[in-house]
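The values are calculated or read from the model by the stated rules, or taken from the named source; none is laboratory data. Quick caveat, the model's predicted, so the values are computed rather than measured. Cβ placement follows ideal geometry from the backbone for every residue including glycine, while neighbour counts extend to all protein chains displayed. Heads up: the accessible areas ignore ligands, DNA and RNA and are worked out on the full protein's heavy atoms, side chains in. Shrake-Rupley method; radii C 1.70, N 1.55, O 1.52, S 1.80 Å.
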Amino acid sequence: AWIDGEVLKVNGDTITVKCSNEKTVTAKASHVHAKDPEESPCGVDDMTKLAYLHEPGVLQNLKSRYDMNEIYTYTGSILIAVNPFRRLPHLYDIQMMEQYKGADFGELSPHPFAVADVAYRLMLNEGISQSILVSGESGAGKTESTKMIMRYLAYMGGKAATEGRTVEKQVLQSNPVLEAFGNAKTVRNNNSSRFGKFVEIQFDQKGRISGAAVRTYLLERSRVCQISESERNYHCFYMICAGSPEEREKYKLGDPSTFHYLNQSNCYKIDGLDESKEYLETRKAMDIIGISSEEQEAIFRIVAAILHLGNVEFAEGDDVDSSKPKNEKSMFHLRTAAELFMCDEKALEDSLCKRIIVTRDENIVKTLDAEAAKGSRDALAKTVYSRLFDWLVTKINNSIGQDPTSKCLIGVLDIYGFESFKTNSFEQFCINLTNEKLQQHFNQHVFKMEQEEYTKEEIDWSYIEFVDNQDILDLIDKHCQMVTTSILPPIHNRE
Ligand SMILES: Nc1ncnc2c1ncn2[C@@H]1O[C@H](COP(=O)(O)OP(=O)(O)OP(=O)(O)O)[C@@H](O)[C@H]1O
Ligand SMILES: [Mg+2]
């Protein structure tokens with residue numbers, strides 16, 4: 001953290017400062033940063049206007065603005081958002097969208113609508129597709145900002161007066177559906193996206209939305225079977241447990257605490273969230289997208305089946321290294337899972353308790369011990385869930401429809417930011433590598449290309465130092481060809 005202070009004495013490269021907390025400290029000059037004495041207490045809306053551009057200056061400016069409820073600040077053409085952690089509806093209403101419509105960038109207060117408007121204008125006037133990259137750590141507000149941008153683009157490119165199911169309504173309603181199946185409560189965010197998302201909104205020549213495509217990346221599959229303390233599984237599991245009594249009866253569901261895939265953590269509820277309401281909202285969003293009631297029924301049947309599957313426990317079987325469902329309770333859950341999956345109960349049991357080894361001449365059936373059967377059960381649950389998620393994404397894309405004639409599109413990337421936990425796995429490796437690549441893209445455009453341009457045009461400017469992460473990328477991309485060729489490709493098939 002940084003602290004404000006007044007310089008008392010300068011002695012070579014050591015400086016004595018009286019800090020605002022009344023303490024007097026002596027520090028190396030290189031550890032102290034200058035502050036503009038005429039700095040406005042309200043801060044500046046564009047950091048490039050700061051007299052001194054350094055970390056404490058930037059933080060102080062963001063804080064001054066945040067204290068005045070100004071959560072957005074520019075740095076040139078980049079928008080910085082500070083999470084307000086409370087609803088600010090007045091910031092995002094239709095009047096606000098009207099104000100930003102066609103306004104010059106920088107004329108009004110910093111806002112995601114302004115960024116979306118620039119992208120929309122550039123696309124329309126110059127006929128060039130645009131991309132908006134939203135990045136930040138977990139809980140920073142990426143998904144909320146993405147939704148604002150999408151809402152603005154839907155407003156600009158939509159047919160406002162049209163009733164019924166329009167492309168833009170479908171695009172917007174894809175958010176709650178994907179969040180129900182791909183978001184979960186984590187220690188850092190009650191609605192954390194556990195997948196990356198690139199939404200491509202296609203426009204016709206007149207700037208009307210004519211189609212859209214959603215691409216998703218790397219859904220966190222491990223969460224389906226394993227959750228840490230204070231975290232939850234995907235929202236849809238709790239929603240279905242909060243369905244109507246008839247539905248719960250149909251899917252043989254009870255309290256979330258009765259399911260192994262949900263009761264590994266003590267957290268079932270999220271403050272301020274009514275699961276049964278969310279469930280109905282998700283169903284409504286599915287209707288708007290064009291997911292039929294039969295399909296919705298099938299989707300939730302699978303969600304319920306996964307919960308039952310997780311409750312099947314195994315005991316040692318009659319033969320050596322074999323297993324069978326542990327007791328009557330496990331048999332019940334196995335039977336229910338099979339009913340809901342609409343498959344043969346015995347076939348489901350065999351798929352968990354046995355493994356088929358395919359050789360050139362014959363198929364050898366090998367029995368599995370209880371521990372291995374549990375592994376098969378979890379692998380099946382993860383695979384079915386991630387296929388369900390992929391199916392949903394494909395369904396959304398097919399329902400919204402693509403415009404093959406569209407020449408221009410605006411892409412919005414909402415991908416999870418850097419992650420560092422006590423124990424990091426291959427998932428964190430992939431997430432962090434992606435973020436390093438995006439950071440390099442940013443460095444390339446904001447620092448490298450810009451400064452090369454200055455050099456070429458012989459502009460007098462002082463070189464801006466930045467942390468170049470190219471070495472990190474080279475380590476993985478170049479020197480460790482093995483890593484990229486042998487570890488990364490199987491990423492979609494991994495367990
Ligand atoms: N502009 C905003 N206005 C009001 N609340 C916000 C805003 N941005 C974020 N929040 C609050 O912060 C929470 C976390 O934001 P969000 O889900 O967008 O984070 P994220 O960056 O997408 O995190 P993750 O990487 O975990 O998905 C939201 O659920 C919401 O409560
Ligand atoms: Mg998110």
Low-density loop cleavage sites - chymotrypsin sites (Phe, Trp or Tyr not before Pro) in region 58-87, where at most 16 other Cβ are within 10 Å (DSSP): 85
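Classify region 1-48 as rounded, prolate or oblate from the Cα gyration tensor: take a ≥ b ≥ c as the square roots of its eigenvalues, call it rounded if a/c is under 1.5, otherwise prolate when a/b beats b/c and oblate if not.
In terms of gyration-tensor shape, prolate.
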Roughly how far apart, in whole Å, are the Cα centres of region 339-369 and region 40-97? 58 Å
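Contour minus end-to-end for residue 188 and residue 297, with contour as 0.36 nm per residue of separation and end-to-end as the Cα-Cα distance? All intermediate terms of the calculation are to be shown ahead of the outcome.
Values: separation 109, 0.36 × 109 = 39.24 nm, distance 3.23 nm.
Extra length available between residue 188 and residue 297 comes to 36.0 nm.
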Would you list which lysines come within 26 Å of residue 63, measuring only between C-alpha atoms, while excluding same-chain residues fewer than 8 positions from it? 18, 23, 28, 35, 49, 142, 147
For the pair residue 371/residue 54, report the inter-label distance in nm, with labels modelled 7 Å from Cα in the Cβ direction. 5.7 nm
Relative contact order of the chain: what whole-number percent is it, with Cα pairs under 8 angstrom and at least 6 residues apart? 14 percent
Residue 230-residue 379 pseudo-label distance in nm [points 7 Å out on the Cα-to-Cβ vector]: 3.4 nm
Sorted by average packing, counted as other Cβ atoms within 10 angstrom per residue and highest first, what order do 204-215, 228-239 take? 228-239, 204-215
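Is the C-alpha gyration tensor of region 362-447 telling us rounded, prolate or oblate? Criteria: a/c under 1.5 is rounded; beyond that, a/b larger than b/c is prolate, otherwise oblate. Present the calculation step by step, with values, prior to reporting the outcome.
On the way: a/c = 3.27, a/b = 1.45, b/c = 2.25.
Here region 362-447 falls in the oblate category.
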Tell me which residues come under 5 Å, amide H to amide H, from residue 139 once H is placed; ignore anything under 5 positions away on its chain. none
Between residue 133 and residue 477, 0.36 nm times their residue separation minus their Cα-Cα distance comes to what? 121.6 nm
Straight distance only, please: which lysines reach the Cα of residue 324 with their own Cα at less than 19 Å, same-chain residues fewer than 8 apart left out? 346, 354, 366, 374
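Hand me the trypsin sites (Lys or Arg not before Pro) from region 258-353 located in a DSSP loop with no more than 13 other Cβ atoms within 10 Å, in residue order please. Could the numbers behind the result be given before it?
On the way: sites: 269, 277, 283, 284, 301, 326, 329, 335, 346; in loops: 269, 326.
Listed in order of number, the matching sites are 269.
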Calculate the length of the line joining the C-alpha centroid of region 105-173 to that of region 297-335, in whole Å. 46 Å
Once all protein chains are kept in place, residue 408 shows an accessible area at probe 1.4 Å, nearest 10 Å², of 20 Å²
What is the P(r) of the chain, as percent of Cα-Cα pairs per 10 Å bin from 0? 3, 15, 23, 24, 17, 10, 6, 2, 0
Taking H as built 1.01 Å from N, whose amide H comes closer than 5 Å to the amide H of residue 75, not counting residues under 5 places away? 47, 80
Put a dot 7 Å past each Cα toward the Cβ at residue 260 and residue 452; how far apart are the dots in nm? 5.6 nm
GluC sites (Glu not before Pro) within region 66-108: DSSP coil, no more than 15 neighbouring Cβ in 10 Å: 107
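What FRET efficiency do you get for residue 166 and residue 93 if R0 is 22 Å and r is their Cβ-Cβ distance, rounded to the nearest 0.05? Working shown, then result.
Details: r = 20 Å, r/R0 = 0.91.
For residue 166 and residue 93, the calculated efficiency is 0.65.
If packing is taken as the average number of other Cβ atoms within 10 Å across a peptide's residues, how do 391-397, 170-176, 248-254, 36-42 rank, most packed first? Present the calculation step by step, with values, prior to reporting the outcome.
Details: 391-397: 18.4, 170-176: 22.3, 248-254: 15.9, 36-42: 10.0.
Output ranking for 391-397, 170-176, 248-254, 36-42: 170-176, 391-397, 248-254, 36-42.
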Segment residue 359-residue 321, length gained on full extension (0.36 nm per residue, minus Cα span): 11.6 nm
Rounded to the nearest 0.05, what FRET efficiency do residue 246 and residue 69 give with R0 = 51 Å and r taken as the Cβ-Cβ distance? Could you check? 0.65
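Could you work out [θ]222 nm for the chain from helices alone, using -39500 (n - 2.57) per DSSP H run of at least four and dividing by all its residues? Round to the nearest 500 deg cm²/dmol. All intermediate terms of the calculation are to be shown ahead of the outcome.
Values: 15 runs with 197 residues, N = 495.
So the calculated ellipticity at 222 nm is -12500 deg cm²/dmol.
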